[in-house]
Amino acid sequence: MEYLKNKKGMALIELMIYLMLFSIVILSVVKFGLSSIEWNIRSVNRAVMEEEIVSINRSLSEAFTNALSVDEGVGKTIYTNNDGKLVLNMNSATTPFTFTKTGTNITLARGAGTATNITGNKVNVTKFYLEKILDTVSNTTIGIRVSVTIVSAGNTSFTRDFVTSYLFTN
């Protein structure tokens with residue numbers, strides 16, 4: 001009995017308490033690390049999506065700067081459809097510009113030339129919706145309201161909507 005009273009060391013219950021406290025600290029550190037990684041992924045996806053929106057906006061703005069009107073002939077501009085198509089008549093001898101949602105991209109074709117993607121492969125375009133902006137007096141199209149929805153190609157929980165209007169300046 002005397003031997004047990006003088007023994008120096010940890011009891012089993014003390015060891016279990018220390019292990020439990022150590023586990024709580026380790027789990028907190030791991031959770032913080034995982035949260036940091038998730039936040040970083042979200043930031044990168046947001047930045048990529050913002051770059052794509054800027055690219056779409058820049059392409060459309062440049063085209064509208066030199067455009068005279070929307071070509072609304074048969075098979076030309078398609079409105080009120082999530083897979084819209086926009087054909088712009090340009091103000092010089094240049095051929096029309098055609099913006100189209102093709103698959104998961106928005107493409108731009110200049111005249112009869114080959115269409116090139118204006119969106120990258122890191123996002124999927126799920127909506128390219130066009131609406132006329134009409135002059136109330138003459139009932140002519142003076143611009144277009146464009147709604148675009150893009151989704152991150154790597155993680156579909158990241159979605160960005162972009163709505164803006166472009167008016168003809170000429």
Helix-derived mean residue ellipticity, 222 nm - over the chain, DSSP H n ≥ 4, -39500 (n - 2.57), to 500: -12500 deg cm²/dmol
Let me check the size of segment 39-116 from its C-alpha atoms; what are the radius of gyration and Dmax in Å? 14.7, 50
From the coordinates shown, P(r) over Cα pairs in 10 Å bins from 0, in percent corresponds to which of [x] 9, 32, 23, 10, 11, 10, 4, 0; [y] 9, 28, 21, 11, 7, 6, 6, 5, 4, 2, 1; [z] 8, 23, 18, 15, 13, 9, 6, 4, 3, 1, 0, 0: [y]
So for the chain, if I pair up every lysine 8 or more residues apart or on another chain, how many of those pairs have alpha-carbons under 16 Å apart? 8
Magnitude of the charge dipole, the chain, Cβ model with Lys/Arg +1 and Asp/Glu -1, debye to 20: 520 debye
Within-9-Å neighbourhood charge of residue 85 [Cβ basis; K, R +1; D, E -1]: +1
According to a simple spin-label model (label point 7 Å from Cα along Cα-to-Cβ), what is the distance in nm between residue 46 and residue 28? 2.7 nm
Roughly what angle does helix 12-65 make with the longest principal axis of the chain, taking Cα atoms, 0 to 90 degrees, to the nearest 10? 10 degrees
Of the peptides 157-168, 138-149, 23-34, 110-121, how do they stack up when ordered by the mean number of other Cβ atoms within 10 Å, highest first? 138-149, 157-168, 110-121, 23-34
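Readers should treat all values here as calculations from the given coordinates under stated rules, not as data from a laboratory. Bear in mind that the values here come from a model prediction, so they are computed numbers and not experimental data. Note that we place each Cβ from the backbone using ideal geometry, even for glycine, and neighbour counts take in every protein chain shown.
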